[in-house]
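Reviewing the structure listed below.
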Amino acid sequence: MPSTAAAAAREILVRLHDVMAAKSSAQAKLNQVVQIIGEITNSEVCSIYLLREGLLELYATRGLDQAAVHVTKLAPGEGLVGTIAEEVETLNLDEAAAHPNFAYRPETGEERFHSFAGVPIIRRERAVGVLCVQHIESHRYADVEVEALQTVAMVLAELIANADLIDGAAGPTRATPQNAKRITGLKLVEGMARGVAVFHQPRITIEHTVAEDIETERHRVYAAFAKMREQIERMAAQAEFGVGGEHEEVLETYKMFAYDEGWSRRINEAIDAGLTAEAAIERVQQRTRMRMRQIDDPLLAERMHDLEDLSNRLLRIVSGQMGTAAQMGLRQDSILIARNLGPAELLEYDRRRLKGVILEEGSLTAHVTIVARAMGVPVLGRVRDIRRLVAEGDLLLLDVTEGTAFARPTPAIEEGFAAKLLFTQKRRASFAALRELPPTTRDGKRITVMVNAGLRDDVGAVELTGADGIGLFRTEFQFLVSATLPQRERQQRLYRDVLDAAGDKPVVFRTVDIGGDKVLPYLRDESGEEENPAMGWRALRLALERDGLMKVQARALIEAAAGRTLHVMFPMVSEPWEYEQARDLFEAQYRWVAERGRKLPSAIRYGCMLEVPALAETLDLLLPRLDFLSVGTNDLTQFLFAADRANPKLAERYDWLSASILRFLARVVGQVRAHGVDLGVCGEMGGRTLEAMALIGLGIDRLSITPAAVGPIKAMIRSLDHGALTAELARLLAAPPRDLRGTLRAWGQANGVELS
């Protein structure tokens, strides 16, 4: 076997070139292919399975019983071959029978072979077959051999597709649906939109995989890279967002990938193996997709999505198939359909016509989500098979506030959507009319209503909604969208911009809350993967261990708040000593800044979040040192109930209006009030009208919520009699009814409270 993957693949491809050019039948060609691969990899067995009528059929083999050809069939997921096809992954085993999915088929005579390596044959992002080799001795195949198999599998995909040997279902064809279809997904950027379905890009078909002249192919790739980088630079320079914003950092990270030498080197290695420029890009892209399927880290997965987006762009350039919906232009109000999008691709679209986006993939922390939010474009993500459920030109009604979309709606559905859209617009207008009015109850109780934020652009919501300030600024967002740890100057610039934008209204900065589901690829915990990351090494625990990170952030906040009051809040405090240690660290940085003669904040107010129930048992020790306390209801509730809030099976148990939650909060209110410390809520609970009504009834008079919730919450507060509510809630908690939620809603409706 040659010493490099490129040399091994090239030796196989050179011999396969003549086989593919011959005028023999497809079956004869496959019979020759398994002989060639078996000889060069020194394997007693080489087999090709193809997807036919939903089953993986043994189509050609060297080494297994020939009587098994066209007889042995495996369902996707069945046996090692079925596992490779279903998971679209590579297997390399020194003892095949030891794998839990091993399935013995006596007709093949394979029981004497121990080693096994198999790779998927991929056509249009789907596994349409499996190429595998086996050896009588027990050993793992070398990486160069497996990589050679993966390269050869690409060439096989072209051969078997041209010979019409695979299921038509594996390709993009489908019957155009005619009936109305309700589609559900993940709410990424909320909003409503109406438009026709437009597919982001046509599927690129690679016509030739084996290179005639390697140097020619290399020059084609170099030219494509140069053109792609020029496009990215131009789009980044023309992005119209105004000055500043996390989207700018997203684009900088994106540009970094475009210039990544490792990526271009891997493509060159694939060309060395004998592939054309198009096939080499696709080969590296397939490897990226396989890695993406194995990545649990959402942030690293988003980085891989950026690389995939650039691969698609590079492939379109080198193949000359440049047409995307953006280049062709949107002719009417449109909803864009894509498997995934990179931020630069979204920026190419006419914002006057682009009304919404539906993605097969996507996540809340994806770069495209951040950019779409800045553009004001609603996005629905994680919609499986959207490109099969919807046809080009279908009318789509997108309602991301409900997490749904309707394709080909009936007149009745259209009428209902239009009515809701009109109602939403009128309701938004009525809430806008409350912007200048204070959130004061009918009997004169003033409630402080603030907004949660995490991006520089979010600060504008304070002015837009008439909120009292920012009760929670999530500083970790800057860390999540950055490819490297943000330097002090960059952090300081963001914090100063936020304070400037907020004017004389307060901003509460929560120190960086990373770990758990917010893992940074450049800041890894070397202790290994956590079984329960939500209750693991995260937030203040991590920051106190890596105090260099927290010192830099403290100095940036102190210098940014020069001449103003700085509000600092520590997350995930479990015991008083953690708060003390964090506060001491900030005070030390304050002295450091003072010693250098730099301008200081006029005051620093320190607070912490109550998310860990244990802290409630030591509040009497902590409160004398606190300026304010914020209850984080999201984590607090799941910890109290031992119920993962992301688990749909536990949804009914995760109830903010249960007697246990409200009684717990009532005790906290009593303790905090006795010490004269400001108390608020900055979780999702405060952004729902019924739940917020209950919190106010408990004595909580500061809420920090999403900007979209400010209008409804203000309207609820202004319709409320605070004294009557307080008395009613005390009565209900003394002897809680079985349906406390229903009882509270009935009381609110009977007393004219505006609930949504």
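The values are calculated or read from the model by the stated rules, or taken from the named source; none is laboratory data. Just so it is clear, the structure is predicted and the values come from calculations on it, not from any experiment. In this analysis, Cβ positions are derived from the backbone assuming ideal geometry, glycine residues included, and neighbour counts consider all displayed protein chains. Protein only, heavy atoms only, side chains kept; ligands, DNA and RNA dropped before computing areas. Shrake-Rupley method; radii C 1.70, N 1.55, O 1.52, S 1.80 Å.
A straight line joining the Cα centroids of the stretch 100-127 and the stretch 657-696 runs 58 Å.
Summing +1 for each Lys or Arg and -1 for each Asp or Glu among the other residues whose beta-carbon sits under 13 angstrom from that of residue 662 gives +1.
Classify the stretch 51-132 as rounded, prolate or oblate from the Cα gyration tensor: take a ≥ b ≥ c as the square roots of its eigenvalues, call it rounded if a/c is under 1.5, otherwise prolate when a/b beats b/c and oblate if not. Because a/c hits 1.5 or more and a/b fails to exceed b/c, the stretch 51-132 counts as oblate. Note that the stretch 1-155 presents 41 Å² accessible area per residue, ligands and nucleic acids not counted, probe 1.4 Å. Accessible area per residue was computed with a 1.4 Å probe on protein heavy atoms; residue 25 scores about 70 Å². Taking a ≥ b ≥ c as the square roots of the eigenvalues of the alpha carbon gyration tensor, the stretch 637-756 is rounded, as a/c is under 1.5. Across the stretch 620-756, Cα pairs under 8 Å and at least six residues apart give a relative contact order of 25 percent. Legend: distances between Cα atoms for 445/714; 426/714; 187/420; every pair falls at or below 20 Å. Computed over protein heavy atoms with a 1.4 Å probe, the carbon and sulfur contribution to the accessible area of the stretch 587-743 reaches 50%.
For the peptides 619-631, 465-477, 47-59, residues were scored by their other Cβ atoms within 10 Å and the scores averaged per peptide; the highest-first order is 465-477, 47-59, 619-631.
Compared with the direct C-alpha span, the chain from residue 181 to residue 111 gains 20.3 nm at full extension, assuming 0.36 nm per residue.
Apolar share of the accessible surface for the stretch 1-127: 48 percent from carbon plus sulfur atoms, 1.4 Å probe.
Based on C-alpha pairs under 8 angstrom that are at least 6 apart in sequence, the stretch 554-650 has a relative contact order of 31 percent.
Solvent exposure of the stretch 430-513, expressed per residue, is 38 Å² of accessible area, with all protein chains present and a 1.4 angstrom probe. Each peptide in 595-601, 402-408, 215-221 gets a packing score, the mean of other Cβ atoms within 10 Å over its residues, and the list from highest to lowest is 402-408, 215-221, 595-601. Peptides 62-71, 91-100, ordered by how many other C-beta atoms sit within 10 Å of their residues on average, highest first, read 62-71, 91-100. Taking all protein chains together and a 1.4 Å probe, the residues 11, 348, 282 rank 11, 348, 282 from largest to smallest accessible area.
Shape analysis of the stretch 1-159 places it in the rounded category; the axes a ≥ b ≥ c from the Cα gyration tensor give an a/c below 1.5.
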